[in-house]
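What follows draws every value from the coordinates through simple rules; no lab data is involved. Because the structure is predicted, anything quoted here is derived from the model rather than measured. Positions of Cβ are backbone-derived with ideal geometry, glycine not excepted, and every protein chain shown enters the neighbour counts.
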């Protein structure tokens with residue numbers, strides 16, 4: 001059985017939260033930084049910093065508190081700030097390598113986001129699929145900022161945000177094909193953390209409309225009022241999707257579903273096998289609780305639960321927004337059991 005991801009509690013000012021994060025996850029942060037360098041390659045890893053310093057300046061201008069938190073992480077883990085920033089640039093660094101360094105496209109991660117409303121609960125479920133080496137680098141971070149909303153998220157150690165939840169909403173995310181990379185933009189973990197400071201799906205949409213992303217990404221948000229929205233963030237525009245009439249769920253994988261961003265009509269049943277499989281399962285056996293949603297996340301007929309050489313579903317969670325429960329599984333959901341983390345438990 002795989003060891004569960006460590007749960008770390010952080011609280012206080014941005015700098016204080018960063019130091020707590022860095023101290024508790026120091027070994028994993030150092031390992032994550034080493035793996036990042038190895039996977040990107042020593043030469044492009046060194047070359048990227050000139051471009052990403054522009055991103056640091058942009059982030060310092062618009063979200064200085066999150067740069068302060070990264071600086072705290074670096075201090076707590078006794079590692080250079082550059083390494084922490086590039087951990088946060090994980091997905092954007094892969095886009096940079098392909099677009100700027102002009103490397104052949106590598107096989108992308110394959111994540112799934114599901115949102116669902118029932119009579120008494122709102123759920124957001126997510127499978128994070130990636131390289132199996134990251135299993136030794138992940139963690140669950142539960143935070144109580146002095147000037148913000150409590151949150152919990154899963155991420156690679158050293159990251160200030162990724163999919164998770166607060167007491168108002170939950171967040172999933174999937175990478176999308178990105179033909180461009182923008183140095184003057186916000187990183188995926190930063191945008192995720194900003195979304196985890198929102199109190200509604202509508203506020204989340206407004207946030208993404210007013211902040212430029214470094215590269216393309218899909219964000220799915222479900223709020224406690226049952227408002228479900230999927231936001232495809234393209235290179236220069238965004239597109240919104242809501243559940244069809246008389247449908248209580250919303251699904252997304254790693255392909256554009258908006259006709260404008262996709263460049264033509266999209267058949268959601270065939271554009272991605274994982275998406276088509278999930279649509280069939282929700283239609284034939286509508287889930288009504290976290291266990292039944294996890295069963296869908298564990299399905300292999302369409303590769304929702306990923307098993308490939310060197311790649312797998314490395315984390316799976318179901319967030320219950322009303323109950324404040326974050327049910328997280330380390331590794332493939334078909335092989336693990338959920339650990340239930342209380343969002344508001346005293347640290």
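Things worth noting here:
- For residue 135 and residue 342, the difference between the fully extended length at 0.36 nm per residue and the C-alpha to C-alpha distance is 72.3 nm.
- Length added when fully stretched, residue 119-residue 309, from 0.36 nm per residue minus Cα-Cα: 64.4 nm
- Average Cα contact separation per residue, the chain, under 8 Å, 6 or more apart, as relative contact order %: 19 percent
- The equivalent ellipsoid of region 128-276 has semi-axes of 24, 19, 16 Å, largest first, where each one is the square root of 5 times an eigenvalue of the Cα gyration tensor.
- When only Cα pairs below 8 angstrom with a gap of at least 6 residues are kept, region 13-99 shows a relative contact order of 50 percent.
- Reported label for calculated volume of the Cα convex hull per residue in Å³ given (1) 176; (2) 136; (3) 123: (3)
- Estimated translational D of region 224-347 in µm²/s (Stokes, Kirkwood radius over Cα pairs; 10 °C; 1.306 mPa s): 98 µm²/s
- Relative to the current alpha-carbon distance between residue 279 and residue 53, full extension at 0.36 nm per residue lengthens the span by 77.2 nm.
- DSSP-defined beta bridges in the chain - what % are antiparallel, rounded to 5: 90 percent
- When you count the other C-beta atoms within 10 angstrom of each residue and take the mean per peptide, 63-69, 296-302, 282-288, 265-271 line up highest first as 63-69, 296-302, 282-288, 265-271.
- Placing R0 at 35 angstrom, the Cβ-Cβ distance between residue 39 and residue 248 gives a FRET efficiency of 0.35 after rounding to 0.05.
- Listing 229, 315, 99 from fewest to most neighbouring C-beta atoms within 10 Å gives 99, 229, 315.
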